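Scroll down for the structure; my scribbles are underneath it.
The values are calculated or read from the model by the stated rules, or taken from the named source; none is laboratory data. Everything numeric in this text was worked out from a predicted model, so none of it was measured. Note that each Cβ is placed from the backbone with ideal geometry, even for glycine, and that neighbours are counted across all protein chains shown.
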Amino acid sequence: MITIKDISERCGYSPATVSKALNGYGDINKVTAENIRKIAAEMHYLPNAAARQLKTNISHNIGVLFIDETHRGLTHEYFSSILNSAKEELEKAGYDITFISRTMTGTQGSYLRHARYRKCDGILIASVDFTDPQVRELVFSDIPTVTIDYTFDSHSSVLSDNIDGGYALTKYLLDKGHRRIGLIHGEDTLVTKKRLNGFYRALKQYGVNLPPEYVTEGAYHKPSDSAAATARLMNLPEPPTVIMYPDDFSYLGGIAQLERMGLSIPNDVSVTGYDGILLSQSLRPKLTTYYQDADRIGRVSAGKLIEEIEEKATCVPEQINVSGHLIEGQTVRNL
């Protein structure tokens, strides 16, 4: 391993001068500092992480708590996009990433204990059961956290604007003349509550009262649930003219069920998705959906977490909403 002493011998400056140049001190001639840094790069010098941590009290290690109950892990396109853009932003700022779990050195522990063991400067939390006592223990510890799509008092979070998403999709359908609107929503989470808020807000604005059986529960990212819900809706005495699915991936179950029932999209029934993942735009007919800006959510989350770590004296916890937009496809019939 190349040391400061090795660089000193190579360039002819004292170890103290080399150290100051590599750490950006301003009391060294700029030309000298640039020359030292150039030689260090040529020698493939890497700073000692442990020594840097002792000096700055920052390990430059970020924990990520991500639990996908659909068991699709990082193949979950929405969350993988968020985590990938967050990773890029964190790496630009010199941070490494560690996934946090309850398992540590082969034994069961807690999220907080694992985070401390890995010396995490901060934690990014996405797609977990936010009511889990161990998650709350981590959030309310002394380790900075940023949550995605969930808010805790006095803690920072980055949120997709789900109220606007639910409203925009519903208003679009109402403007197309639909009044019998079937909605398959996900589990009882804050995200679901916000989308339902937008949904009912648009219905109220247009003076539309839906029978309760037009709104049914499924599960996010679970096509089999959406298939069963589609069958329930289309077997009603007066079925809906359009079905809103909880996400684009779940819509695949809807397609299969409608095909089994001999129904075509959009001639027999219109449909919408949610998320705006690449898959939704590859299907034919092209799916009408609401695009969540996963890339921006990830970058904003990473930036806020870095601020929480590096600017503790001036950083203020905040809830940041990230807007999306409607993607008009060919799956909604104009009535």
*Please specify each residue of the stretch 125-183 satisfying the condition of being polar (S, T, N, Q), farther than 27 Å from Arg296 by Cβ and in contact with a Ser or Thr (Cβ under 6 Å, 6 or more places away or on another chain).*
Gln134
*asked:* Criterion first (of a type in the set (A, V, I, L, M, F, W, C), at pLDDT 95 or above and assigned by TED's automatic domain parsing to the domain that holds Ile82) does Val300 satisfy it?
replied: yes
*Out of the residues in the stretch 307-320 that are closer than 24 Å to Lys92 by Cβ and touching a Ser or Thr at 6+ places or on another chain (Cβ under 9 Å), state the one that is surrounded by the most Cβ atoms within 10 Å (Cβ to Cβ).*
Glu308
_Of all residues making up the stretch 162-191, the number that are in a helix (DSSP H, G or I) and at pLDDT 95 or above_ = 14
*Tell me which residues, restricted to the stretch 174-183, are within 19 Å of Gly324 (Cβ to Cβ) and buried (at least 22 other Cβ atoms within 10 Å of the Cβ).*
Leu183
*With (1) free of Cβ contacts under 8 Å to residues at least 24 places away in the same chain; (2) under 19 Å from Glu310 (Cα atoms); (3) over 16 Å from the mean Cα position of the chain (by Cα) as the list, and Phe152 as the residue in question, which single condition is left unmet?*
(2)
*Output for the stretch 184-206, where each listed residue is buried (at least 21 other Cβ atoms within 10 Å of the Cβ) and among the charged types (D, E, K, R)*: Arg195
*Give the stretch 6-18 a look and list any residue that's within 13 Å of Leu46 (Cα to Cα) and either of a type in the set (D, E, K, R) or within 39 Å of the chain's Cα centre (by Cα) (or both), or say none.*
Asp6
*Can you tell me which residue in the stretch 201-253 is modelled with the lowest pLDDT, limited to those that are of a type in the set (A, V, I, L, M) and part of a loop (DSSP other than H, G, I, E, B)?*
Ala219
